[in-house]
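Engineer: The structure under discussion is supplied below as structure tokens; questions concerning it will follow.
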Amino acid sequence: MLFSSKGRHRRPSKAVRAATLAGVAGTAVAVPLMGATSASAASVATWDAVAQCESGGNWSINTGNGYYGGLQFSQSSWAAAGGTQYAPRADLATKAQQIATAEKLLDMQGPGAWGCASAGGLTNDGVDPGVDTGSSSNSTSTSSSSSNATEQESTPAAPEQQAQPEQTEPTEPPAASPSDGSAAPQAESKETVTTPTGGKVEKGDGEYKVAPGDSLSEIAADQKVEGGWQQLFELNKDIVTDADLIYPGQQLHLTK
């Protein structure tokens, strides 16, 4: 799945995660899906092998764990890689449409976005899969996916996102004084970092500064945070609203 116990798009069970262009607080960038290029492409056989590891090769799977389709996209990954032009979720899209979207995500994040990349031998091998995505909507897939979906409990999904490129860190301007000369209440000024989509998120004041390529899973493992990425997320909910989205320059608390 996009983010799994085995790698990056990233969660501690068999599921992959990622989409570096998804914004914070529900903002996502719908990236126009481009055709696979020689710079980032893998064969259909390779994607089949990854899907076999991720989902048992079930391209319309939706178990209710937050990851969808044969390649187990998270909703933010699917949107960021342009998959919503085909269907609202990956499990509602055709196999060809999922592969075309995965090609875009491969270009954005590389093979590490899938925990099962090694099982499928996934690399940027320059092979154009040549899939036919058909129409931009897939009602047949939608109905069949809904009827075949099963609900089952799963472990919470680990953050899939790598940290975005660091932007400038403007601060909030001080509140203007009233025209009558009386002192105006001073609004607390909080430092922020700017996301790739132009949004702003709080910087925080923790002891660990997020670097490009970081994810909560990696930070928790490298810094030996007791309770793993879930505890790291809880400790920093004041500045991290989505466990999949952290940004370089943010400063995280590692302990209470």
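The values are calculated or read from the model by the stated rules, or taken from the named source; none is laboratory data. Keep in mind that what you see is a predicted model, and the values were worked out from it rather than measured. A quick note on method: Cβ atoms are made from the backbone with ideal geometry, for glycine too, and the neighbour counts reach across all protein chains shown. Side chains included, ligands, DNA and RNA excluded: accessible areas come from the protein's heavy atoms. Shrake-Rupley method; radii C 1.70, N 1.55, O 1.52, S 1.80 Å.
Engineer: Using beta carbons and a limit of 7 Å, which pairs, at least six apart or on different chains, have the first residue in region 30-59 and closer than 10 Å to Pro129 by Cα and of a type in the set (Gly, Ala, Ser) and the second one crowded, with 17+ Cβ neighbours inside 10 Å and modelled with pLDDT of 80 or more?
Structural biologist: Ala36/Glu103; Ala41/Glu103; Ala42/Leu106; Ala42/Leu122
Engineer: Could you please let me know if Val240 is part of a loop (DSSP other than H, G, I, E, B) and either open to solvent by 20 Å² or more (accessible area, probe 1.4 Å) or in contact with a Phe, Trp or Tyr (Cβ under 9 Å, 6 or more places away or on another chain) (or both)?
Structural biologist: yes
Engineer: Restricting the search to region 103-121, which residues are crowded, with 21+ Cβ neighbours inside 10 Å and at pLDDT 85 or above?
Structural biologist: Glu103, Lys104, Leu105, Leu106, Gln109, Pro111, Trp114, Gly115, Cys116, Ala117
Engineer: Suppose we filter region 62-102 for residues that are part of a loop (DSSP other than H, G, I, E, B) and surrounded by fewer than 24 Cβ atoms within 10 Å (Cβ to Cβ); how many remain?
Structural biologist: Filtering region 62-102 down to residues part of a loop (DSSP other than H, G, I, E, B) leaves 63-66, 69-72, 81-82, 86-89, 93-94.
Checking the rest, the ones that are also surrounded by fewer than 24 Cβ atoms within 10 Å (Cβ to Cβ) come to 63-66, 82, 88-89, 94.
Result for region 62-102: 8.
Engineer: Right, another one. Give the residues of region 243-256 that are at pLDDT 90 or above and open to solvent by 50 Å² or more (accessible area, probe 1.4 Å), sorted by residue number.
Structural biologist: His253, Thr255
Engineer: Let me ask you something else. Is it the case, given these coordinates, that Ala211 is within 22 Å of Lys190 (Cα to Cα) and free of Cβ contacts under 8 Å to residues at least 60 places away in the same chain?
Structural biologist: yes
Engineer: Give the residue that is least open to solvent (accessible area, probe 1.4 Å), with candidates limited to residues of region 201-227 that are of a type in the set (S, T, N, Q) and within 19 Å of the chain's Cα centre (by Cα).
Structural biologist: Ser215
Engineer: While we're on this one: Within region 45-61, count every residue that is within 14 Å of Ile99 (Cβ to Cβ) and either at pLDDT below 95 or surrounded by fewer than 21 Cβ atoms within 10 Å (Cβ to Cβ) (or both).
Structural biologist: 11
Engineer: Residues of region 228-237 being under 19 Å from Gly213 (Cα atoms) and either part of a helix (DSSP H, G or I) or open to solvent by 50 Å² or more (accessible area, probe 1.4 Å) (or both), which ones?
Structural biologist: Gly228, Trp229, Gln230, Leu232, Phe233
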